[in-house]
Each structure stands twice: as C-alpha cells, then as structure tokens.
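The values are calculated or read from the model by the stated rules, or taken from the named source; none is laboratory data. All of these numbers come straight from a predicted model, not from anything done at the bench. Glycine also receives a Cβ, built like all others from the backbone with ideal geometry; neighbour counts cover every protein chain displayed.
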Amino acid sequence: MTTVNKSDKDRVIIFDTTLRDGEQCPGATMSFEEKLEVAEMLDNMGVDVIEAGFPITSEGDFQAVSEIARRSKNAVIAREWPSQLRTDTSACLTIF
C-alpha cells in the first residue's frame, strides 16, 4: 500500500459565511445563542474559516463575533471586511 502525501496546494479550504450571509435574507435572524451554536457546529465539523458576522452592525453582533472568536478551537474566525469607515475598522480591531 502506497501512502500519498498531499501538498498544501491540493488542500481545499472551507470558508463558511452562514453566520453573516445567513442573515442577509429578509426576515432571517439568529439569536446570540443560535449564532454560538452554529459556530460551534462549524468548528467541530472542521470548517477552516468561519465568517462570524459584521461587528459594526450592532452591539449584539459585536458581542456574538467576539464570543465566537473566543470559543473557537480550530477554525479561523473572520468578520466582514471593514469598509473605509474608521468605526468599522475600529470595531473589527477591537475583537481581533
């Protein structure tokens, strides 16, 4: 039996946007607890990058993204890329 060593270039990186894009549909929202639960499931499934939300949107989103980043064991936690607004960038840097 031959063992095949795969290089990094053969690796697929999973980048999940459920927690951010999932709330872009009209009427679709998640509670703080639901966001933490989804993030934990994604992390446990081996998702590489979790786009956790847009922290400048609200205090609740800021708190959820912060807590998801704190709790993550495996995944890299991303947030919506800040716009050119100083407040957006500041909110993201506060978390990370």
- request: Give me the pairs, please: first residue somewhere in region 21-41 and farther than 13 Å from residue 61 by Cβ and without any contact (Cβ under 8 Å) to a residue 60 or more places away in the chain, second residue anywhere and part of a helix (DSSP H, G or I) and among the hydroxyl-bearing types (Ser, Thr, Tyr), beta-carbon distance under 7 Å, and either six or more positions apart or on two chains.
  value: 38/18
- request: Only helices (runs of 4 or more DSSP H) wholly contained in the chain count here; list those with 1 or more residues that are β-branched (Val, Ile, Thr), surrounded by 19 or more Cβ atoms within 10 Å (Cβ to Cβ) and modelled with pLDDT of 85 or more.
  value: 59-71
